[in-house]
Amino acid sequence: MEATRTFFLAMAKNQAARSLATKYGLRFGAKRFVAGETLPEALEQIKRLNRDGIVATLDRLGEFVSTKEESERAAGWALETVEGIARSGVKSHLSIKLTQLGLDLGGDVCEANVRRILHKAKQHGIFVRMDMEDFPRCQTTVDLFKKMHTEFPLTGLVIQSYLFRAEADVLDLQTNLRLVKGAYKEPSTVAFPEKAKVDENLITLIKHQLDNGWYVAVASHDDKIIAWTKDYVKKNNISKDKFEFQMLYGIKTEIQKKLAQEGYRVRIYVPYGTDWYGYFMRRLAERPANIWFIMKNFFKK
Ligand SMILES: Cc1cc2nc3c(=O)[nH]c(=O)nc-3n(C[C@H](O)[C@H](O)[C@H](O)COP(=O)(O)OP(=O)(O)OC[C@H]3O[C@@H](n4cnc5c(N)ncnc54)[C@H](O)[C@@H]3O)c2cc1C
């Protein structure tokens, strides 16, 4: 199980496999997790979710660019995505990944790209969430978020409960957070190797957010985490506008609808674009049973 996870997480970073997969379009079952290769396709999927009382956060897929030009092109896509959300009137936030916007390139490349996006999003009143990537980028992501947040309050960050540092970050940030378990392969020097500890820490973090009135997006498909949250808010009289549940596009869709019908705020992370490979590999790593799903789809478009 752990070996399969490690394999897919290593594959997520394999550039040759990435170019090969992308050349063949949304195949091998990737369509289940990716809303389409184009913005209009993704917006159609969000309209469908909105009709079920579910909101979204839209992400133009991509990560780890190696030139300034690539990062600027990615920023252009994010701007287009913001315009698309505004024009179509769908209920959606924007999610961004800083490595796609030049985080690894140094200087102020990433900051300049992020600033352009946040400026445009602000004009349209659209909330922007900064995803959290692997551990070596954690501190720089937190730093850039803090800097931007003072200027653009309609922004939020992601914290991963598998990291030892997560609780200190939550208490320091005191802001609107999406809390997740964490999707990357991290060493035991920085992250809990035991799943039980990761789950337990996620509950601790959610509790901090709820107890302090800091808005929280509980982003998990784990029935136990969802049940715990529902129970905790009920016992503590916390109103439904202080938190939301978030899930990924294509995962546990019936539960998504059920939560929305029960009156909870539910937001789906909707990824789109041609650079779906790394995202798809991480979804396979999370659940090896998904491999059977790929096998079935191997020869289908
Ligand atoms: C909205 C959202 C945004 C996210 N943003 C980030 C981010 O910025 N950075 C980051 O590191 N991680 C992010 N993640 C991923 C997260 O860290 C986990 O890797 C992922 O959510 C799986 O953990 P889980 O909490 O669902 O619990 P798990 O214990 O992994 O899974 C619980 C159950 O959910 C179902 N499930 C989980 N994953 C899958 C899957 N891939 N396919 C099918 N069923 C599945 C299974 O039934 C499983 O038993 C995000 C997740 C969500 C929902």
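What is the residue count in the range 46-70 for residues that are in a helix (DSSP H, G or I) and surrounded by 24 or more Cβ atoms within 10 Å (Cβ to Cβ)?
Looking only at that region, the number is 2.
Just to be sure I understand the filter: pairs with C-beta atoms under 9 Å, separated by 6 or more residues or on different chains, first member in the range 160-174 and farther than 17 Å from Lys147 by Cα, second member surrounded by fewer than 18 Cβ atoms within 10 Å (Cβ to Cβ) and hydrophobic (A, V, I, L, M, F, W, C). Which pairs pass?
Ser161/Ile203; Tyr162/Val190; Leu163/Val190; Phe164/Val190; Arg165/Val190
Return a yes/no flag: does the range 55-74 have any residue that is among the β-branched types (Val, Ile, Thr), modelled with pLDDT under 95 and in contact with a helix residue (DSSP H, G or I) (Cβ under 9 Å, 6 or more places away or on another chain).
Scanning the range 55-74 turns up at least one residue that is among the β-branched types (Val, Ile, Thr), modelled with pLDDT under 95 and in contact with a helix residue (DSSP H, G or I) (Cβ under 9 Å, 6 or more places away or on another chain).
Taking the condition within 14 Å of the ligand (Cβ to nearest atom) and crowded, with 20+ Cβ neighbours inside 10 Å, does Asp169 pass?
Against the criterion (within 14 Å of the ligand (Cβ to nearest atom) and crowded, with 20+ Cβ neighbours inside 10 Å), Asp169 does not qualify.
Out of the residues in the range 92-109 that are surrounded by 15 or more Cβ atoms within 10 Å (Cβ to Cβ) and more than 17 Å from Gly156 (Cα to Cα), which is nearest to the chain's Cα centre (by Cα)?
Among residues in the range 92-109 that are surrounded by 15 or more Cβ atoms within 10 Å (Cβ to Cβ) and more than 17 Å from Gly156 (Cα to Cα), the one nearest to the chain's Cα centre (by Cα) is Gln100.
Any residue in the range 222-234 that is within 15 Å of the ligand (Cβ to nearest atom), in a loop (DSSP other than H, G, I, E, B) and either in contact with a Pro (Cβ under 7 Å, 6 or more places away or on another chain) or touching a residue at least 12 places away in the same chain (Cβ under 8 Å) (or both)?
yes
Tally the residues that are without any contact (Cβ under 8 Å) to a residue 60 or more places away in the chain, surrounded by 18 or more Cβ atoms within 10 Å (Cβ to Cβ) and closer than 20 Å to Ala12 by Cβ, restricting the search to the range 175-198.
6
Only one of Glu151, Glu133 is among the acidic types (Asp, Glu) and over 21 Å from Leu9 (Cα atoms). Can you tell me which?
Selected residue: Glu151, the only one of Glu151, Glu133 that is among the acidic types (Asp, Glu) and over 21 Å from Leu9 (Cα atoms).
For Lys146, only one of the following conditions fails: (1) over 15 Å from Ser95 (Cα atoms); (2) crowded, with 18+ Cβ neighbours inside 10 Å. What is its number?
(2)
Just a yes or no: is a residue in the range 263-275 more than 23 Å from Ala227 (Cβ to Cβ), at pLDDT below 95 and under 14 Å from the mean Cα position of the chain (by Cα)?
no
Go through (1) within 16 Å of the ligand (Cβ to nearest atom); (2) of a type outside the set (A, V, I, L, M); (3) surrounded by 15 or more Cβ atoms within 10 Å (Cβ to Cβ) and name the single condition Arg18 misses.
In the conditions (1) within 16 Å of the ligand (Cβ to nearest atom); (2) of a type outside the set (A, V, I, L, M); (3) surrounded by 15 or more Cβ atoms within 10 Å (Cβ to Cβ), Arg18 misses (1) alone.
Hey, could you check the range 172-201 for residues that are at pLDDT 95 or above and either under 18 Å from Asn236 (Cα atoms) or basic (Lys, Arg) (or both) and say which is nearest to the ligand (Cβ to nearest atom)?
Among those that are at pLDDT 95 or above and either under 18 Å from Asn236 (Cα atoms) or basic (Lys, Arg) (or both), it is Lys181.
Which one is surrounded by the fewest Cβ atoms within 10 Å (Cβ to Cβ) among residues in the range 208-221 that are within 16 Å of the ligand (Cβ to nearest atom) and not small (Gly, Ala, Ser)?
Here the answer is Tyr215.
Take the residues in the range 235-276 that are in a helix (DSSP H, G or I) and within 15 Å of the ligand (Cβ to nearest atom); name whichever of them is surrounded by the fewest Cβ atoms within 10 Å (Cβ to Cβ).
Filtering the range 235-276 for residues that are in a helix (DSSP H, G or I) and within 15 Å of the ligand (Cβ to nearest atom), the one surrounded by the fewest Cβ atoms within 10 Å (Cβ to Cβ) comes out as Glu254.
The values are calculated or read from the model by the stated rules, or taken from the named source; none is laboratory data. What you are looking at is a predicted structure, and each value in this text was computed from that prediction instead of being measured. For neighbour counting, all protein chains shown are included, and Cβ atoms are generated from backbone atoms with ideal geometry for every residue, glycine included.
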